[in-house]
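Peer 1: First the structure, which I've put down as structure tokens, then a few questions once you've had a look.
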Amino acid sequence: MSGKTFAAGCAVGLALVVGVPSCLVYNHLSSRSEKTRDIGTADYVLENYRWFKGQEADIGQVNAQISSMKVEISDYVKDFKGSPRAEWPFDAREELARKESVLRGYMSQYNMLAGDYNERVSDVTRGWTRWKGKDAPDELESYIKTYDKK
């Protein structure tokens, strides 16, 4: 093998050894900068706004279902007032157990939604959430509140 062939082979090998990882690093850094650019766009802000508004509406809906189910259970129990539960007809006990199970499901859903909402509000990367309790603009008030779990 001549010296020129050997040198050319080393150059190709060096290009592969250095070039491929360099491309991977560049690709990784490039994708990170795209993510950073996405965060600074109006679309990102609107997406967050829509998420918070949607989550707030979902929490309100589930909360209304919880209240409604509690009233329904209370009214159902009043029909058997003064009678121990063990003496209720089987169908009545089964229906009450079903209603209580539905209530637990609503409460679980509420806690999940509230937890997701509170997690996003407390996210330190969202600077506007630091306004909590400090002269926040009215438009942000619905975003800076938190929900208690049930």
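The values are calculated or read from the model by the stated rules, or taken from the named source; none is laboratory data. Quantities reported herein were computed from a predicted structural model and do not represent experimental measurements. FYI the Cβ positions are ideal-geometry reconstructions off the backbone, even for glycines, and counts take in every protein chain you see.
Peer 1: From the residues in the range 83-116 that are closer than 26 Å to D148 by Cα and of a type in the set (D, E, K, R), which one is surrounded by the fewest Cβ atoms within 10 Å (Cβ to Cβ)? Break it down stepwise before answering.
Peer 2: Initial filter on the range 83-116 (closer than 26 Å to D148 by Cα): 97-116.
Then drop every residue that is not of a type in the set (D, E, K, R), which leaves 98-100, 104, 116.
Numbers: R98: 10, K99: 16, E100: 13, R104: 12, D116: 15.
Only one residue fits best here, namely R98.
Peer 1: Let me ask you something else. Can you go through E87, E72 and tell me which one is within 30 Å of D116 (Cβ to Cβ), among the charged types (D, E, K, R), assigned by TED's automatic domain parsing to the domain that holds M112 and modelled with pLDDT of 75 or more? Spell out how you get there, then give the answer.
Peer 2: On the way: E87 fails: within 30 Å of D116 (Cβ to Cβ).
The conditions single out E72.
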